[in-house]
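Colleague: Pasting in a structure now, in structure tokens, and then I'll have a few things to ask.
The values are calculated or read from the model by the stated rules, or taken from the named source; none is laboratory data. Values in this document were obtained by computation on a predicted structure and should not be read as measured data. Backbone-built Cβ (ideal geometry, glycine too); neighbour counts: all protein chains shown.
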Amino acid sequence: MATRADPRLLSNLKKYGAADISACFNCGNCTAVCPLSQGNDAFPRRMIRYAQLGMKEYLLSSKELWLCHHCGECSETCPRRAGPAEFMAAARRYAISSFDPFGLARRLDRSVVSIAAVILILGVLFAAVLLWESQGIPEGMTAGFSTAAMLDFVPFEILHDAGIVLFVLLGVMALITFLNMFWAMTHSPVPGNVGKPPEGPGMFPAQAALKAVLRTISDVILHSSQRDCGQDQTSRRPLLIRRWFVHLCIMGGFLGLAAATILDYLFKDPDLHVMPWHPIRLLGILSGVICTYGVTVAILPRLKKTKPGSLMSARQHYYSRTAPFDWLFLGLLWIISVTGFVLTAAIYMPVAGSWLYVVFLIHVILAMELLILMPFTKFAHVIYRTVAIWFQNFRKFRVAAD
């Protein structure tokens, strides 16, 4: 793959939070300690070298960017304190911005003011749409709070139509960013020239592609590659606070909430009151508990302050470098989960008050913001990491078949 050196690449990466990676003298210690460096995968040495040489296209097409789980071992053991783990995190944020043709990801990453402005503008817009035909807060608050009352406040038809438009927009924007990433990755070089180049056109290796899909699903569900990270292998911390388990709770809980919402829409009358043990409602409650737990455990260590200049462990490195870009995703997800719990509890308890309708409106608006901003925030890892895992497996299975 022909490339032109970009002398501004290193300085641009620093704007996304990369440490002074010029301190790196390419000793290879980071690759040696990384448990994911196997075969032709070199974490993160190769990506650092790309950045130093201004090889922007090579950096953006590297699947290793997304396979890295930021365990922090490389930063902890780096003899030059060049912060390779922080560099990889910054490079991922830079890649998200590069794949975004709208420029929104770049603004969200670099400015807290931009984050606040986007949240506020989208909030006002969504509130105006949702309340366009609202009859206001229902009277007779002593009757209690219910799903039917919520849908009197925000008409179901408005919520339904707005949801469809939202998902269409999300699908279009996610597809554009995905194609940019996939195009870059499919044109990336194969380190070490593994496998012979095809002689002329041939059949698409469907069997290798299918096997890669199955392996990817297994990896995502079991978090096997993240569990292989040295920090989780050697850690004596309880299972419930290990990073791979916390990440699994966030992902599983969110998917469960999404499934419960879809099933509720397809198979349940919006005005029908059901008991907490109803299958769909129970799925939503359990998923909410799991997701809220995972997000809370992910947030708490990030609130601890570390003294400037102090030596930090790999775990401290990971949590101390949380960017506003990361806080945006975690904060939105936590508020959505907690407000969902408040609303669910209010439905089954003798609680009434106009404030509950405000909570409901905030819950819906933030959920819509989380989804529409997916391609431009850390939430985009859902797409990029999954594609990178598939592509890694696809290449392995294709070479094995040849």
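Colleague: Select from the range 53-98 the residues that are of a type in the set (G, A, S), surrounded by fewer than 24 Cβ atoms within 10 Å (Cβ to Cβ) and under 20 Å from Q38 (Cβ atoms) and list them in ascending order.
Modeller: S61
Colleague: Report yes if some residue within the range 87-104 is hydroxyl-bearing (S, T, Y) and in contact with a Pro (Cβ under 9 Å, 6 or more places away or on another chain); otherwise report no. Walk me through it before giving the result.
Modeller: First, pick out the residues of the range 87-104 that are hydroxyl-bearing (S, T, Y): 94, 97-98.
From what is left, the residues that are in contact with a Pro (Cβ under 9 Å, 6 or more places away or on another chain) are none.
Within the range 87-104, none of the residues are hydroxyl-bearing (S, T, Y) and in contact with a Pro (Cβ under 9 Å, 6 or more places away or on another chain).
Colleague: Could you list, ordered by first residue, the pairs with Cβ atoms under 7 Å in which the first is in the range 94-113 and basic (K, R) and the second is outside any loop (DSSP other than H, G, I, E, B), at least 6 apart or interchain?
Modeller: R106/S97; R107/S114; R110/K15
Colleague: Next question, about the same structure. Might you check whether a residue that is out of contact with any Cys (no Cβ under 8 Å at 6 or more places or on another chain), surrounded by fewer than 13 Cβ atoms within 10 Å (Cβ to Cβ), of a type in the set (G, A, S) and modelled with pLDDT of 90 or more occurs anywhere in the range 119-138?
Modeller: Keep residues of the range 119-138 that are out of contact with any Cys (no Cβ under 8 Å at 6 or more places or on another chain), which gives 119-138.
From the residues that got through so far, the ones that are surrounded by fewer than 13 Cβ atoms within 10 Å (Cβ to Cβ) too are 120-121, 124, 128, 132-133, 135-136.
Next, from what is left, pick out any that are of a type in the set (G, A, S): 128, 136.
Adding the requirement that they be modelled with pLDDT of 90 or more leaves 128.
Scanning the range 119-138 turns up at least one residue that is out of contact with any Cys (no Cβ under 8 Å at 6 or more places or on another chain), surrounded by fewer than 13 Cβ atoms within 10 Å (Cβ to Cβ), of a type in the set (G, A, S) and modelled with pLDDT of 90 or more.
Let's see how each residue does on (1) closer than 21 Å to F153 by Cβ; (2) at pLDDT 90 or above:
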residue: G294; (1), (2): no, yes
residue: K307; (1), (2): no, no
residue: I336; (1), (2): yes, yes
residue: E369; (1), (2): yes, yes
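Colleague: Go through the residues of the range 380-396 one by one and say whether even a single one is more than 25 Å from the chain's Cα centre (by Cα) and either modelled with pLDDT of 90 or more or assigned to a helix (DSSP H, G or I) (or both).
Modeller: Looking only at the range 380-396, we keep the residues that are more than 25 Å from the chain's Cα centre (by Cα), and these are 396.
Retained after the next criterion (residues that are either modelled with pLDDT of 90 or more or assigned to a helix (DSSP H, G or I) (or both)): 396.
Yes - at least one qualifying residue is present in the range 380-396.
Colleague: Looking at the range 249-264, which of the residues that are in contact (Cβ under 8 Å) with a residue 60 or more places away in the chain and either outside any helix (DSSP H, G or I) or not aliphatic (A, V, I, L, M) (or both) is nearest to I158 (Cα to Cα)?
Modeller: F254
Colleague: Report, by residue number, each residue of the range 329-346 that is closer than 14 Å to T296 by Cα, surrounded by 18 or more Cβ atoms within 10 Å (Cβ to Cβ) and either among the small types (G, A, S) or touching a Ser or Thr at 6+ places or on another chain (Cβ under 6 Å) (or both).
Modeller: F329, S337
Colleague: Tell me yes or no: at least one residue of the range 24-35 is surrounded by 21 or more Cβ atoms within 10 Å (Cβ to Cβ), more than 26 Å from T216 (Cβ to Cβ) and of a type outside the set (D, E). I'd like the intermediate steps shown before the answer.
Modeller: Of the residues in the range 24-35, the ones surrounded by 21 or more Cβ atoms within 10 Å (Cβ to Cβ) are 24, 30, 34.
From the residues that got through so far, the ones that are more than 26 Å from T216 (Cβ to Cβ) too are 24.
Now drop any that are not of a type outside the set (D, E), which leaves 24.
The answer is yes, given that some residue of the range 24-35 is surrounded by 21 or more Cβ atoms within 10 Å (Cβ to Cβ), more than 26 Å from T216 (Cβ to Cβ) and of a type outside the set (D, E).
Colleague: Could you figure out which of (1) surrounded by fewer than 16 Cβ atoms within 10 Å (Cβ to Cβ); (2) in a helix (DSSP H, G or I) isn't true of P101?
Modeller: Only one criterion is unmet by P101, namely (2).
Colleague: Oh, and also: Residues of the range 105-117 being assigned to a helix (DSSP H, G or I) and surrounded by fewer than 19 Cβ atoms within 10 Å (Cβ to Cβ), which ones?
Modeller: From the range 105-117, those assigned to a helix (DSSP H, G or I) are 105-110, 112-117; that's our starting set.
R107, R110, V112, V113, S114, A116, A117, listed by residue number.
Colleague: For the range 13-57, how many residues are of a type outside the set (F, W, Y) and part of a helix (DSSP H, G or I)? Steps first, please.
Modeller: As a first pass, look at the range 13-57 and keep what is of a type outside the set (F, W, Y): 13-15, 17-24, 26-42, 44-49, 51-57.
Now narrow it down to the ones that are part of a helix (DSSP H, G or I): 13-15, 21-23, 29-33, 45-49, 51-53, 56-57.
Adding up the residues that qualify gives 21.
Colleague: OK, next. Yes or no: S75 in a helix (DSSP H, G or I) and hydroxyl-bearing (S, T, Y)? First the steps, then the outcome.
Modeller: Numbers: in a helix (DSSP H, G or I): yes; hydroxyl-bearing (S, T, Y): yes.
Yes: the conditions hold for S75.
Colleague: Return the residues of the range 73-88 that are at pLDDT below 90 and of a type in the set (A, V, I, L, M, F, W, C); say none if nothing qualifies.
Modeller: Listed by number, the residues that qualify are C74, C78, A82, A85.
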